2 protein chains.
Amino acid sequence: MSTESRGSGPHVLRRLNASAVLTALRTGGPQRVADLMARTGLTRPTVAQALTLLEHAGWIEPVTDADASPRKGRPAQLVTFRAGAGCLAGVDVGPHKAIALITDLIGRPLAEIRVPTEGAGDGPELMTLIADTVRAALRQAGRTEDEVHAVCIGSPGIADPANRTFRLAPSIPGWASLPLDAELGRMFRCPVLVENDVNLSVLAERWQGVATEAGTVMFVHWGSRIGAGITVGGRLHRGRSGAAGEIGFIDLDESPSLVDGMGPLERVVGADAIGRLGGADPSAVLRAAADGDPVALTAIDTVAARFARGLAPALLVLDPELVVIGGGVSRGGPTLLDALDRHLRARTLVPPRLALSALGDRAGVLGAVRACLDNLEQTLADGL
Amino acid sequence: MSTESRGSGPHVLRRLNASAVLTALRTGGPQRVADLMARTGLTRPTVAQALTLLEHAGWIEPVTDADASPRKGRPAQLVTFRAGAGCLAGVDVGPHKAIALITDLIGRPLAEIRVPTEGAGDGPELMTLIADTVRAALRQAGRTEDEVHAVCIGSPGIADPANRTFRLAPSIPGWASLPLDAELGRMFRCPVLVENDVNLSVLAERWQGVATEAGTVMFVHWGSRIGAGITVGGRLHRGRSGAAGEIGFIDLDESPSLVDGMGPLERVVGADAIGRLGGADPSAVLRAAADGDPVALTAIDTVAARFARGLAPALLVLDPELVVIGGGVSRGGPTLLDALDRHLRARTLVPPRLALSALGDRAGVLGAVRACLDNLEQTLADGL
């Protein structure tokens with residue numbers, strides 16, 4: 001327990017109380033003072049003091065009765081977080097497409113735009129496309145750059161938040177080491193965050209997906225690329241160099257064959273491997289397996305056995321509460337999940353709980369918005 | 001940020017302040033009010049209020065000048081944590097020996113006793129031996145059972161803290177599922193903790209070993225058995241079922257061969273495998289390798305290559321700040337570490353930082369004391 005550097009005078013307490021009231025308002029909609037007392041455990045004068053501070057800071061406003069159902073007797077005095085006082089921008093940049101999602105300050109979507117990125121040219125040209133897409137989404141949401149409180153860019157590769165760039169992103173030509181704040185830093189005055197897209201996906205699953213109840217979660221992106229995002233005790237685990245979860249580079253062979261580009265596990269269990277083994281387009285193989293086609297089922301079983309071999313050591317070391325399977329291959333559905341589950345059971349001490357992602361290809365961009373929300377909450381708490 | 005259930009009235013603040021002052025005293029020796037103000041950031045009246053509360057609770061006492069070097073001018077008013085007001089008992093139970101370590105309330109050793117456990121009979125007989133050993137160590141420390149504030153038993157197996165027992169501990173006959181509080185619960189009125197011995201070792205390395213600066217650490221026990229203890233952000237990661245770090249069960253083969261008893265990785269890289277490959281006693285092979293013997297060096301290299309294959313997926317998923325190698329095989333020293341490092345570099349994106357444990361076979365028992373200290377700190381904070 002390290003409490004040495006924590007200030008704890010009366011002003012700190014006032015800020016903590018205001019922050020608790022703000023969190024209650026941000027997550028609970030319009031509320032009366034009595035509701036806030038019940039949710040925070042604070043006394044009426046303390047809640048009143050916190051509301052004065054928050055109203056002064058411009059974060060809350062009274063709501064008219066029309067916005068909420070009034071109780072009997074005298075009209076309820078409701079206050080609400082001003083979720084529309086600004087907006088957030090999440091962006092997911094992939095080798096095939098980019099998605100920009102604009103939300104209000106509690107994460108409710110205002111606009112979403114998708115653009116193809118394949119053949120978008122080299123890094124700087126792609127960067128311009130991204131910036132234009134965010135601008136278009138903001139216009140569609142009826143917002144301006146100045147109203148954005150946080151931007152988060154997710155993409156493959158190892159994120160370097162200090163330098164606002166990505167390392168090792170071979171699937172997007174010219175993207176690695178591109179300084180994102182050259183263009184975005186000019187465009188926005190707010191924080192610009194960068195994060196690996198699979199790391200963002202696990203945040204999305206805990207926010208709006210199948211992992212809302214779990215603290216230690218492994219999100220496995222299974223597509224042409226393979227990677228994992230991990231939360232431990234509800235917090236994203238990035239590792240020493242931001243490279244935690246890079247399971248696509250697990251090598252099943254006796255002689256290691258680690259090279260730049262595709263990881264060894266990606267080569268033998270990725271979407272392309274499924275296509276090769278099933279003798280068709282990967283999506284067609286997955287559909288055929290779901291329909292019971294024996295050749296496709298064998299292909300799925302072979303790949304699931306290989307994946308279990310690579311994934312089991314990661315599960316033995318982490319013992320997660322839940323493993324969420326996402327990415328394009330997860331469209332294989334229960335057939336795929338059952339095969340993976342069967343092979344993992346033979347290789348783990350405690351059989352893991354597996355679940356299919358229900359967020360589809362929006363996991364990354366939703367996670368980017370979640371990262372913006374986390375940043376905003378910290379900024380709000382620091383600013384009180 | 002979830003602050004909803006946190007109470008935050010003036011009495012909570014008073015407790016937080018007292019707890020901060022207590023932590024400063026527990027970790028910093030005798031101190032003046034001015035020292036405590038500097039270390040906690042609290043005002044003089046607040047520190048004084050905290051000291052009154054702590055003295056009333058019996059946790060602190062004034063110290064005479066003889067115990068500390070007085071400054072010029074008027075004599076310094078020193079207070080100190082009453083580290084001798086009770087004691088802690090850490091116990092490490094292994095297949096070959098048990099160690100009981102009695103310390104004061106800040107972890108300074110008072111007595112340590114080792115007894116052989118091989119051939120100690122079945123579970124209940126071993127339990128009686130453990131209880132007798134703790135009693136003997138307490139006598140040697142001049143303490144009684146009633147003065148013990150926390151006991152922690154470490155052993156191989158998966159700890160079940162709720163039922164105070166271990167699961168899956170094949171190396172100690174009759175130990176698994178033995179209810180430890182049958183005997184120890186009668187003996188002590190304080191908390192009796194149970195924890196996997198390798199989990200305890202990583203706590204020891206962060207407390208007194210080579211990992212004091214690192215938050216995300218993997219301690220690898222390399223002996224006849226193989227296992228890992230993991231901290232993430234400085235906290236022990238136990239996993240969903242307390243089975244995190246069971247890397248001895250990693251299986252390198254294409255066909256899984258998970259059975260009860262020894263894990264697949266243990267069979268091919270454990271001390272016995274080193275002995276088989278080197279054609280001698282494992283310790284002799286390790287010594288010969290350190291002396292440059294070619295046969296022994298080849299044996300070490302073979303085993304290191306296998307271990308790297310099993311360990312790499314765990315490192316790719318965790319990306320730890322430091323990997324500490326302990327256990328009997330770690331006596332192989334730099335020769336062993338260099339071989340492992342070389343093979344791991346070929347299989348990881350970011351080469352891990354490796355270090356040899358310097359705690360020898362005391363890592364487990366030191367970790368057991370550290371677990372007692374953590375428990376005590378929580379109890380002290382809760383009791384204010």
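Summary table
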quantity	calculated
Average beta-carbon neighbours from other chains, 10 Å sphere, peptide B:12-23	3
Shape call, the protein assembly as shown: gyration tensor on alpha carbons, a/c limit 1.5	oblate
Per-residue HN-Hα couplings for segment A:28-38 [Karplus 6.51, -1.76, 1.60; θ = phi - 60°; Hz; x = Gly/Pro]	x, x, x, 9, 8, 4, 4, 4, 5, 4, 5
Percent antiparallel among DSSP beta bridges (both partners in segment A:210-358, rounded to 5)	50
Zone of B:E112's modelled label, taken as backbone nitrogen in segment B:356-374 under 18 Å from a point 7 Å along Cα→Cβ	B:357-373
Three-way shape label, segment B:204-332, alpha-carbon gyration tensor, a/c 1.5	oblate
Tensor-based shape of segment B:278-333 (alpha-carbon gyration tensor, a/c under 1.5 rounded, otherwise prolate or oblate)	prolate
Centre separation in Å (Cα based) which lies between segment B:172-234 and segment A:133-196	43
Angle between chain A longest axis and helix A:294-318 axis [Cα atoms, degrees, rounded to 10]	60
Under 5 Å, built H, 5+ apart or other chain: amide partners of B:L356	B:I325
C-alpha long axis of helix B:333-345 to longest principal axis of chain B, angle in °	80
In segment B:105-173, GluC sites (Glu not before Pro) in a DSSP loop with at most 10 other beta-carbon atoms within 10 Å	B:E118
Qualifying trypsin sites (Lys or Arg not before Pro) in segment A:152-188, DSSP loop, other Cβ atoms within 10 Å at most 15	none
The protein assembly as shown - share of DSSP beta bridges that are antiparallel (%, nearest 5)	60
Test item: B:209-220 mean partner chain Cβ contacts at 10 Å	1
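A short reminder: the numbers here are calculations on the coordinates, not readings from a lab. From a predicted model like this one, the values you see are computed outputs, not experimental measurements. Cβ sites come from the backbone with ideal geometry, for glycine too, and all protein chains shown count toward neighbours.
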